[in-house]
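The values are calculated or read from the model by the stated rules, or taken from the named source; none is laboratory data. In this text the structure is predicted, and so the values were computed from the model without any measurement. Neighbour counts are summed over all protein chains in view; Cβ atoms, including those assigned to glycine, are modelled from backbone coordinates with ideal geometry.
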Amino acid sequence: MYMALAIITFTTGFAIRYWINRRRFNRRTMTGIEVFSSYEKSWMTQFGEGLLRLVSIALILIACFFFLGYCAQSRHEEKAVVSSPIKPL
C-alpha cells in the first residue's frame, strides 16, 4: 500500500514540475527572455506556477515518507517472520 502511494505521489509531483518547466521553456524567446502579453498575466502565471512548484515539492517529500513507511513495514514483517518460534516435530 505504501509503495503504491509513494509511486503515485512521486509521479504526480514530478509531472507537475515537468509541466511547469515545459511551459517556461515554451515562453522563452531566442534571447532567453520569458514573454507575456500583459503584466497581469505575467504576475498570475508566475504566482500560480510558484504555488504549483510548492505543491510538487510537497508531493515528492510525501512520496519519500511513504517509501520510508514501506521500508519500515517490510522490515517489521521480516522480523515477525524470523522471530516466530519453530516447533520441533
Taking the condition modelled with pLDDT of 95 or more and on the phi < 0 side of the Ramachandran plot, does V55 pass?
yes
Could you tell me which numbered condition A15 fails, if it satisfies all but one of (1) modelled with pLDDT of 95 or more; (2) outside any helix (DSSP H, G or I); (3) of a type in the set (G, A, S)?
(2)
If only one of I8, I20 is more than 30 Å from E77 (Cα to Cα), among the hydrophobic types (A, V, I, L, M, F, W, C) and either in a helix (DSSP H, G or I) or touching a His at 6+ places or on another chain (Cβ under 9 Å) (or both), which one is it?
I20
So which residues in the range 1-23 are in contact (Cβ under 8 Å) with a residue 12 or more places away in the chain and among the basic types (K, R)?
R17, R23
Which residue is surrounded by the fewest Cβ atoms within 10 Å (Cβ to Cβ), if the candidates are limited to the range 1-32 and must be closer than 22 Å to L54 by Cα and among the polar types (S, T, N, Q)?
N26
Looking at S42, S56 in this structure, which one is small (G, A, S), touching a Gly at 6+ places or on another chain (Cβ under 6 Å) and without any contact (Cβ under 8 Å) to a residue 60 or more places away in the chain?
S56
Tell me yes or no: at least one residue of the range 33-48 is within 17 Å of the chain's Cα centre (by Cα), modelled with pLDDT of 95 or more, surrounded by 12 or more Cβ atoms within 10 Å (Cβ to Cβ) and assigned to a helix (DSSP H, G or I).
no
